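First comes the structure, then the notes that go with it.
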Amino acid sequence: MSSHAFLNLPGAWSRSGFALATGLSALVALTIALGPPVWRERPVQSVSPFKAALSRGLVRMGVERPPHEIGPADYQIRRAEGFVPEIGQTIAAALSTRVQFVRIDTGSEADALANGSIDLALVSKPRDSVWTNDTEIPVGHVTRLAPVMREDTSIRSWEDLAGRTICFSDDDAAANRLIDRLGGVPVAASAPAKALAAMRSGECDASLHDADLVNGLAQLPNARWAKYSATLPPRQASQLMFVFGENDDFARRKLRDATARWGRRFWNPLVAQWIADVDFEVYLEQDAPDCH
């Protein structure tokens with residue numbers, strides 16, 4: 001029986017070999033029909049533009065009015081409206097980098113980020129506007145606008161400012177837009193101190209600024225603002241925002257961590273110093289020259 005089995009082995013192998021050859025032929029035909037295999041590589045995640053900026057040690061920050069564009073007011077450079085230089089210095093120290101301010105047009109930050117001309121933007125947006133965690137981080141300061149006026153002014157409401165001359169800092173785009181909506185006559189100055197001095201000398205009916213500055217000047221212990229403490233309820237709240245590129249998780253994480261402690265302890269000293277500086281600059285603009 002074992003001999004009989006041995007004699008039939010070649011036949012079994014022949015049938016198996018035929019089946020195998022038939023299967024291979026079908027596989028070859030299918031491969032030819034479908035074409036050569038396509039090897040797909042796994043997508044490589046692009047490098048964060050903000051991370052690349054930190055790696056080169058320079059972050060280009062887009063702002064509507066770079067600090068270096070605020071020129072000398074006669075014989076000295078005056079404090080600007082807002083805190084762009086201070087924010088730039090603070091974020092640079094927090095991220096161990098340098099910051100270069102780049103001028104951008106209002107509302108153009110998304111395009112500037114997309115085309116790579118800036119790495120980060122610092123812009124002011126209406127507080128009631130919809131913002132998204134995907135591309136924006138608030139820096140913690142809310143600005144409301146209020147006028148400084150003489151105590152004997154006849155202006156009792158915002159509507160009364162229609163047709164009146166209103167001084168403002170020419171780097172304050174929000175104030176300029178509000179004056180336009182009110183129907184006021186804008187009188188631009190190169191710095192808050194210049195605008196306030198013009199109001200005090202009678203060139204303007206009001207001087208429009210951040211309400212923190214307006215209220216702070218009225219509360220100073222000196223008598224310089226006793227006759228110029230009239231104001232109106234603040235309006236047009238806006239907040240400063242860092243804006244970064246879409247899908248840049250690295251930027252979101254770094255900026256969120258850097259600004260996490262920018263609360264009252266951070267902002268109150270900045271606002272207080274700003275008020276003191278502008279008050280002294282108004283003195284230099286108006287009172288000091290009268291002493292000579």
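In straight-distance terms, cross-link reach from Lys227 covers every one of the lysines whose alpha-carbon lies under 29 Å from its own, apart from those fewer than eight places away in the same chain; here that gives Lys194. Among the GluC sites (Glu not before Pro) within the range 148-243, those in coil by DSSP and having at most 14 neighbouring Cβ atoms inside 10 Å are Glu151, Glu203. The phi-based Karplus calculation (6.51 cos²θ - 1.76 cosθ + 1.60; θ = phi - 60°) puts the 3J(HN,Hα) values of the range 269-275 at x, 5, 5, 4, 5, 4, 4 Hz, whole numbers, x for Gly and Pro. Among beta bridges identified by DSSP and lying wholly in the range 49-290, the antiparallel ones come to about 55 percent. In plain terms, the bigger the Kirkwood radius, the slower the diffusion; for the range 49-290, with that radius from Cα pairs, at 25 °C and 0.890 mPa s, Stokes-Einstein puts D at 130 µm²/s. Here's the list of lysines a cross-link from Lys51 could span, going by alpha-carbon distance under 18 Å and ignoring same-chain residues fewer than 8 apart: Lys254.
Any read-out appearing in this document is the output of simple, stated calculations on the displayed coordinates, not a laboratory observation. Every value quoted in this text rests on a predicted model; they were computed, and no experiment measured them. Here Cβ is always computed from backbone atoms with ideal geometry, including for glycine, and neighbour counts include all displayed protein chains.
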